[in-house]
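Asks: Next up is a structure, given as structure tokens.
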Amino acid sequence: MEYVTTDPEIDGLGAMLADLVRANIAAHPERAKLLENVSGTINVKAIDAGVAVGLEFAANRFNVFAKPFRRAGLEIITDSGTLMELTAVPLWKGQPDVRTPEGRTVLRKMVRRDLRIKGAVAHPMLLNRLQRLLSAV
Amino acid sequence: MALFPSEDWMKLYVEKINSSKDYEEAASTWEGDIAYVFEAEPDKGVPNDVWSWADLWHGKCRDSKWDVTPEEGEKAKFIIRAPYSRWKEVIRKELDPVKGMMQGKLKLKGDLPTIVRYVKASNELVNLASQVPTEFVDEQ
């Protein structure tokens, strides 16, 4: 079953996120369950690269769009390097594990507002599912 | 000084890789070959796509080949491709490769989770490329 659908126009960041989720589900089939019983939209912006994409959890699928949503439940705004770091940080209960150096780096970036996650309080499950789905570790 | 792109440049690059302690440490568990594709830009002196190949293994480059066929190159675990002038920007450190990939300027084929886990090693490979004394083919 194809769990990831992509906008035909996606390139760069969108293609990377779609590939990452596809590869993670192929390597860890149990992660497909992360798509169940959750819906919502997420914008991801890599400021230094000047690119932004829209992601959507809907009907047991992960949809990737070439353009961000006008209004999304969650919005992740940071630089391209930090986005990569977010996918490589060890997780604990779906959140960056601050017991690890990588987790503490992410936390520091959030405190300094080098990494901003809007909507995390209103949509904690959506953020948790996204982190686990994108995690390459 | 070596001309980029050329086999001489590739040899110097491999020497840099094999003498780097930082790369050896960052890629100590890396196992996988990479094909680099320097896409043609005839107006800049690169008339055809050039495929090169490097067998990277536990922090060293065990083997490399210049101007392999696309059929041979396609067998590599990872393929990174971009037009010549993008590679020039990467070597000059004017374009960060991660940013370039997110902008669609560099294309990566291969298991992305693996690349993500080795970002430090990938960055070190770029640092080493920038240390090769280079003359660019369109600036001769």
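None of the figures in this text is laboratory data; all of them are computed from the coordinates on show. These numbers come from a predicted model, not from an experiment. All Cβ positions, glycine included, derive from the backbone under ideal geometry; neighbour counts span all protein chains shown.
Asks: For residue B:11, which lysines qualify as cross-link partners when the Cα separation must be under 23 Å and same-chain residues fewer than eight apart are set aside?
Replies: Output for residue B:11: B:21, B:44, B:60, B:65, B:75, B:77, B:88, B:93, B:120.
Asks: Between the stretch B:35-75 and the stretch A:79-97, how far is it from one alpha carbon centroid to the other, in angstrom?
Replies: Computed from Cα coordinates, the inter-centre distance equals 32 Å.
Asks: Cα centroids of the stretch A:99-137 and the stretch A:1-67: how far apart, whole angstrom?
Replies: 16
Asks: Same structure again: Where both partners of a DSSP beta bridge lie in chain A, what percent of those bridges are antiparallel, to the nearest 5?
Replies: 70
Asks: Sort A:107, B:128 so the one with the fewest other Cβ atoms within 10 Å of its own Cβ comes first.
Replies: Lowest count first: A:107, B:128.
Asks: If neighbour count is taken as other Cβ atoms inside 10 Å, put A:106, A:137, A:111 in order from fewest to most.
Replies: Exposure proxy ranking, most exposed first: A:111, A:137, A:106.
Asks: In addition: Determine the gain in length on full extension of the stretch residue A:121-residue A:30; use 0.36 nm per residue of separation and subtract their C-alpha separation, reporting nm with one decimal. Write out the running numbers ahead of the final one.
Replies: On the way: separation 91, 0.36 × 91 = 32.76 nm, distance 2.63 nm.
Extra length from residue A:121 to residue A:30 when fully extended: 30.1 nm.
Asks: Determine the relative contact order of chain B: mean sequence separation of Cα pairs under 8 Å and six or more apart, normalised by residue count, in whole percent. Please report the intermediate quantities before stating the final value.
Replies: Values: 239 pairs, mean separation 43.5, N = 140.
That works out to 31 percent.
Asks: For B:87, B:53, B:9, which order do you get if you count the other beta carbons within 10 Å of each Cβ and list the fewest first?
Replies: Lowest count first: B:53, B:9, B:87.
Asks: Let me know the Rg and Dmax you get for chain A when you use only its Cα atoms, in Å.
Replies: Answer for chain A, Rg first and Dmax second: 13.8, 41 Å.
Asks: Please enumerate, by chain and number, the lysines with C-alpha under 16 Å from the C-alpha of residue A:67, excluding those fewer than 8 residues away in the same chain.
Replies: The reachable lysines, counting only those whose Cα sits under 16 Å from residue A:67, are A:45.
Asks: Relative contact order for the stretch A:4-134: what is it in percent, counting Cα pairs under 8 Å that are at least 6 residues apart?
Replies: Once normalised by length, the contact order is 25 percent.
Asks: Continuing with this model, one more query. Just to be sure I understand the rule: take each whole DSSP H helix in chain A, project its Cα atoms onto its long axis, keep it if the span is 20 Å or more and its mean Kyte-Doolittle hydropathy is at least -1.0. Which ones pass?
Replies: A:13-27
Asks: When DSSP assigns beta bridges and you keep just the ones with both residues in the stretch B:27-136, what percent turn out antiparallel, to the nearest 5?
Replies: If we restrict to bridges inside the stretch B:27-136, about 75 percent are antiparallel.
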